[in-house]
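Novice: Sharing a structure, written as structure tokens. Questions coming.
Computed from the coordinates by the stated procedures, all read-outs in this text should not be read as laboratory data. All figures in this text were calculated on a predicted structure; none of them were measured in a lab. Glycine also receives a Cβ, built like all others from the backbone with ideal geometry; neighbour counts cover every protein chain displayed.
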Amino acid sequence: MPDATQTLRPLAVCVASFLAMSLALGHPASSDAALDRDGQPKTTVFGCFPGADGILTGGPVPVATSAADDASFGNLPFTTLLSSGPSSNRIDLVFVGDGFQSAQLGSYATVVEQRWLTMKATEPYLSYLTYFNVHRVDVTSIDSGVDNDPTPGILKNTALDSGFWCQGIERLICANTAKAQNAASSAPDWDQILLAANSTKYGGAGYITEDVCTFSAFNTSSLQVALHELGHSFGNLADEYDYADGSSYSGPEVPEPNVSIQTQAAMESSGTKWAPWIGISLPVVGTHGAFQGARYYQFGIRRPTSNSLMRSLGLPFNGPCLEQMIVEIHKATKMLDAASSPLNSTVEQGTVITATTVEPVSHALTKEWSLNGVVIPGAIGISIDTAVLAFAGPSASLRLKLIDPTTQVRNEALRASWLTETYTWTIVPAACVADLNENGLVDSVDLGLLLGSWGTGLHDLNSDGTTNAADLSILLGAWGACP
Ligand SMILES: [Zn+2]
């Protein structure tokens, strides 16, 4: 159904107003809040579509905020496509559909599966699949199709009010984001919503504040729009295209990590922005430098590579953009799901502590255990047997440091801030666990009992499932009278 975001105007006026809008909005001042998540009277939707030369054009467009008053669907059916772990520590992507009648929900399910297969073969989702859950919510509409498809004036009664020609822009698919969020709430959790509009017409959009991307379900190129818009909405990335209009920016440094007023030499000197990437070459996007033309200005703002997903569809992210997407994944999650002993707890020596880590698909996390600040040689696994730790005094501090060593992040300050986590436990000597016959002494009788049960799991002092040298070590360490 049409709403405030889908007011129709005659085509000639639409084109004129879009051109006016490009001029008015296309060169936002650095104080422009286009990427600010904080409240604006209007929300911002990104519509970035290829021009004749394949380079994107468009940019941020202000649209009315969706009203939430009638946005209640109750519990809609949902299917989980990927379950990697608890939603509290995962990024939950939720597909919702609009313009699908109940008899069309099968084709909706099929096309969502196809789009997800494409998406998960794309970085950073490919390497960090284990950090995501994915769900599909089945939303039923009264009519088939969406508004203004293919031309203005064709109106459909759909659950999420999707439509082309939003703000007079043919390819811009707006929707009622409050309704989309309500529908997505039928899934166990949602962090980012992908709205599949029942159409073959090319289009899409990205709502920054609302974490909603729209795309045309049956147009194979439209998912590329969604992947680009996720760069805006999830990665807070700037567009790397310009309007080729001779415009020149002369304001202060711009905030987004993938655009800068600095030349390559200035950036190498300052060490800021994407300095660690300069000179690095990646497949498809090529060698990183500082290329003139970005963020809608032809001059005065630079981008990291000649071309990439924030400039053209169908390309990968360049290094700084992929780095920022990975940082955002880590900001939203922890590398540790759980530990066998509660974090920050006091643990009796002899306990085996095992960490349940969230391992990326492409590489392993680095684990480093240390005792009282000293790294324990060879302790690089998810488990540590505290029985073998030697320390003086009543207690010791055991620390696990997790680091994501990915080469897709080159900014070591970002790695230290967001790709490094530490967890600690306090280790205290066990009560006399080695006094097997409980006579107040750890002596040759206990030694005989332990050796007699070697390999069986009986007298397994450190509870690691077997009776072995680690248990013998505990016993010999406790030799004598029990405290
Ligand atoms: Zn864009």
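Novice: Using Cα-only point scatterers and the Debye equation, what is log10 of I(q)/I(0) for the chain at each q in 0.12 Å⁻¹, rounded to two decimals?
Specialist: Each listed q corresponds, in turn, to -1.02.
Novice: With a point put 7 Å past each Cα toward its Cβ, work out how far Thr466 is from Ser281 in nm, to one decimal.
Specialist: A separation of 5.0 nm, rounded to one decimal place.
Novice: For Glu421 and Ser345, FRET efficiency with R0 = 22 Å and r from the beta-carbon atoms, rounded to 0.05?
Specialist: With a Förster radius of 22 Å, E is 0.80.
Novice: Extension gain Phe299-Ala121, at 0.36 nm per residue separation less the Cα-Cα distance, in nm?
Specialist: 60.6 nm
Novice: Taking all pairs of different Cα atoms in segment 190-319, averaging 1/r and flipping that mean, what Kirkwood radius in angstroms comes out?
Specialist: Evaluated on segment 190-319, it is 15.5 Å.
Novice: Another one. How many Å³ per residue does the convex hull of the Cα positions in segment 419-461 occupy?
Specialist: Values: hull volume 4.6 nm³, N = 43.
Taking the convex hull of the Cα positions in segment 419-461, it is 107 Å³ per residue.
Novice: Counting C-alpha atoms alone, how compact is segment 431-483: give Rg to one decimal and Dmax as a whole number, in angstrom.
Specialist: 9.8, 28
Novice: Roughly what angle does helix 105-119 make with the longest principal axis of the chain, taking Cα atoms, 0 to 90 degrees, to the nearest 10?
Specialist: 70 degrees
Novice: Taking every Cα atom in segment 53-155, find the radius of gyration and the maximum pairwise distance Dmax, and write them in Å.
Specialist: 16.8, 46
Novice: While we're on this one: Evaluate the distance, in nm, between pseudo-label points positioned 7 Å from the Cα of Ala103 and of Leu129 along their respective Cα→Cβ axes.
Specialist: Roughly 3.6 nm, to one decimal.
Novice: If one takes the longest principal axis of the Cα atoms in the chain, at what angle in degrees, from 0 to 90 and to the nearest 10, does the Cα axis of helix 222-233 lie?
Specialist: Between helix and principal axis, roughly 70 degrees.
Novice: Something else now. Scale the Cα Rg of segment 332-473 by the rule-of-thumb value 2.2 N^0.38 Å and send over the ratio, two decimals.
Specialist: 1.24
Novice: Taking the Cβ-Cβ separation of Lys42 and Ala364 as r and a Förster radius of 41 Å, what is the calculated FRET efficiency to the nearest 0.05?
Specialist: Efficiency for this residue pair is about 0.35.
Novice: In whole Å, what are the extents of segment 149-225 along the principal axes defined by its C-alpha atoms, from largest to smallest?
Specialist: The principal-axis extents, from largest down, are 36, 26, 21 Å.
Novice: Mean residue ellipticity at 222 nm from the helices of the chain, using -39,500 (n - 2.57) per DSSP H segment of n ≥ 4 over the full residue count, to the nearest 500 deg cm²/dmol?
Specialist: Computed mean residue ellipticity for the chain: -6000 deg cm²/dmol.
Novice: For Lys201, give me every one of the lysines with a C-alpha distance below 25 angstrom, ignoring sequence neighbours fewer than eight places off in its own chain.
Specialist: Result set, ordered by chain and number: Lys120, Lys156, Lys179.
Novice: Oh, and also: Treating the angle as unsigned and between 0 and 90°, give the value, to the nearest 10°, between the Cα long axis of helix 319-332 and the longest Cα principal axis of the chain.
Specialist: In the chain, helix 319-332 runs at an angle near 60 degrees to the longest axis.
Novice: In percent, how large is the relative contact order of the chain, given Cα pairs closer than 8 Å and 6 or more residues apart?
Specialist: 12 percent
Novice: Take the Cα of Gln114, step 7 Å along the line toward its Cβ, and report every residue of segment 179-211 whose backbone nitrogen sits under 12 Å from that point.
Specialist: Only 199-200 fall inside the zone, counting backbone N under 12 Å.
Novice: Test of understanding: what is the full-extension gain from Glu268 to Ala244, defined as 0.36 nm times their sequence separation minus their Cα-Cα distance? Intermediate values should be presented prior to the final figure.
Specialist: On the way: separation 24, 0.36 × 24 = 8.64 nm, distance 2.68 nm.
Full extension from Glu268 to Ala244 adds 6.0 nm.
Novice: Ser87 versus Thr151, label points 7 Å from Cα toward the beta carbon: distance in nm?
Specialist: Computed distance between label sites Ser87 and Thr151 equals 4.4 nm.
Novice: Give me the lysines in straight-line cross-link reach of Lys367: C-alpha distance below 24 Å, same-chain residues under 8 apart excluded.
Specialist: Lys331, Lys334, Lys401
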